[in-house]
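The values are calculated or read from the model by the stated rules, or taken from the named source; none is laboratory data. If you're wondering where the values come from, they're calculated on a predicted model, not measured in any experiment. Quick reminder, even Gly has a Cβ in these numbers, built from the backbone with ideal geometry, and neighbours come from all protein chains shown.
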Amino acid sequence: MTPTGKGSSKGTGGHGRDRLAGKGPTPRAKDRPGHPAQRRAASAARRTTSGGGPGRSRGDERGADEVVVGRNPVVEALRAAVPANRLLIVAGPGDARIAEARRLAELQGIPIADVPPGELERLSGGAPHQGIGLAVPAYEYAHPDDLIPRSGTALIVALDGVTDPRNLGSVVRSAAAFGAHGVVVPERRAAGVTASAWKASAGALARLRVARATNLARTLGAYNKAGLTIVGLAADAPIIVSDLQAATDPMVLVIGSEGRGLSRLVSEACQVRVRIPMSGPVESLNAGVAAGVALAEIARRRA
């Protein structure tokens, strides 16, 4: 006879009823361990306590500072006005570069902390630090939708497979110089905004936003649905960039990595492909140079 049928077996007499008691309201997403919302909230809290402050890192859940080490790299980063949380110096005899780092940090209002050698070794992952380090806050990426301007003709640059942060910084510098509204990079297997990217951008990262796309091909499809023409830069394209009819339309310029170029899915997401004509023996340009040449031509056409 089944437990649910008529004439079923007797009840438990209340045994085990504690298991039927309510467990209270379902916790909010940000209070549930392991939930993405909880990780984002924890990341935001870490950024606040580390001095990153609000408004710097949307979409980046790392929350940890990047530590630039070495006397020359630290001085170069400070000269380039790379945003920093702290200058870390190991007590002991210094030299002219450490003195300059102290001076630059004081001028920029960056806190200076004296730390033991072991602490700097831990923060630098064991890299040779020469007694000095600069803690750079994690960059806060925009959402790709945020790059579409509310007015004016959209011009967005997307990078596919560019892994050198110096190239990213160079592209951002060119994008800012020629009127682009932002740069999109893939979330995985691509360069992110690091101290090297800040230096290469020559300060342009402070004026132009970078967004991260979970799936670049899908993001390009969304941009196209929003009315933007997706233009891929490829060495074997049939059209040269100076003949691009869509130059004056809302558009996304997609630039691939040097050598490999655009990936298959990203290339398929492009409505138009153009190339930069070259008469010399060089077969390809790096992303930073290619972006500068193509954006200059697009800006000329728009003017």
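For the stretch 253-267, which positions are more than 21 Å from the chain's Cα centre (by Cα) and either assigned to a loop (DSSP other than H, G, I, E, B) or charged (D, E, K, R) (or both)? Gly259, Arg260, Arg264, listed by residue number.
Confirm whether Ala101 is farther than 23 Å from Leu208 by Cα, touching a residue at least 12 places away in the same chain (Cβ under 8 Å) and assigned to a helix (DSSP H, G or I).
Details: farther than 23 Å from Leu208 by Cα: yes; touching a residue at least 12 places away in the same chain (Cβ under 8 Å): yes; assigned to a helix (DSSP H, G or I): yes.
So Ala101 fits the description; yes.
Hey, does the stretch 229-241 have a residue that's of a type in the set (Ser, Thr, Tyr), modelled with pLDDT of 95 or more and more than 17 Å from the chain's Cα centre (by Cα)?
Yes, the stretch 229-241 has at least one match.
Which residues, counting only those in the stretch 268-290, are farther than 11 Å from Val162 by Cα, modelled with pLDDT under 95 and under 22 Å from the mean Cα position of the chain (by Cα)? Those that are farther than 11 Å from Val162 by Cα, modelled with pLDDT under 95 and under 22 Å from the mean Cα position of the chain (by Cα): Val289, Ala290.
Among Gly292, Gly259, Gly288, Gly232, which is the only one that is touching a Ser or Thr at 6+ places or on another chain (Cβ under 7 Å) and free of Cβ contacts under 8 Å to residues at least 40 places away in the same chain? First the steps, then the outcome.
On the way: Gly292 fails: free of Cβ contacts under 8 Å to residues at least 40 places away in the same chain; Gly288 fails: free of Cβ contacts under 8 Å to residues at least 40 places away in the same chain; Gly232 fails: free of Cβ contacts under 8 Å to residues at least 40 places away in the same chain.
That would be Gly259, the only listed residue that is touching a Ser or Thr at 6+ places or on another chain (Cβ under 7 Å) and free of Cβ contacts under 8 Å to residues at least 40 places away in the same chain.
Here the strands (runs of 3 or more DSSP E) wholly within the stretch 104-223 that include at least 3 residues being touching a residue at least 24 places away in the same chain (Cβ under 8 Å) and under 26 Å from Ile89 (Cα atoms) are 112-115, 132-136. Would you point out the residue of the stretch 76-98, among those that are touching a Leu at 6+ places or on another chain (Cβ under 8 Å) and surrounded by fewer than 20 Cβ atoms within 10 Å (Cβ to Cβ), that is nearest to Ala64 (Cα to Cα)? So the residue we want is Val90. Given the criteria within 16 Å of the chain's Cα centre (by Cα), closer than 22 Å to Asp65 by Cβ and modelled with pLDDT of 95 or more, does Leu168 qualify? Spelling it out, Leu168 is indeed within 16 Å of the chain's Cα centre (by Cα), closer than 22 Å to Asp65 by Cβ and modelled with pLDDT of 95 or more. Within the bounds of the stretch 291-299, is there any residue that is among the acidic types (Asp, Glu) and modelled with pLDDT of 95 or more? Yes: one or more hits. Taking the options Val241, Val184, name whichever one is surrounded by 23 or more Cβ atoms within 10 Å (Cβ to Cβ) and either in contact with a Pro (Cβ under 9 Å, 6 or more places away or on another chain) or at positive phi (or both). The match here is Val184. The condition of being under 18 Å from Ile148 (Cβ atoms), more than 20 Å from the chain's Cα centre (by Cα) and not hydroxyl-bearing (Ser, Thr, Tyr) holds for Leu295.
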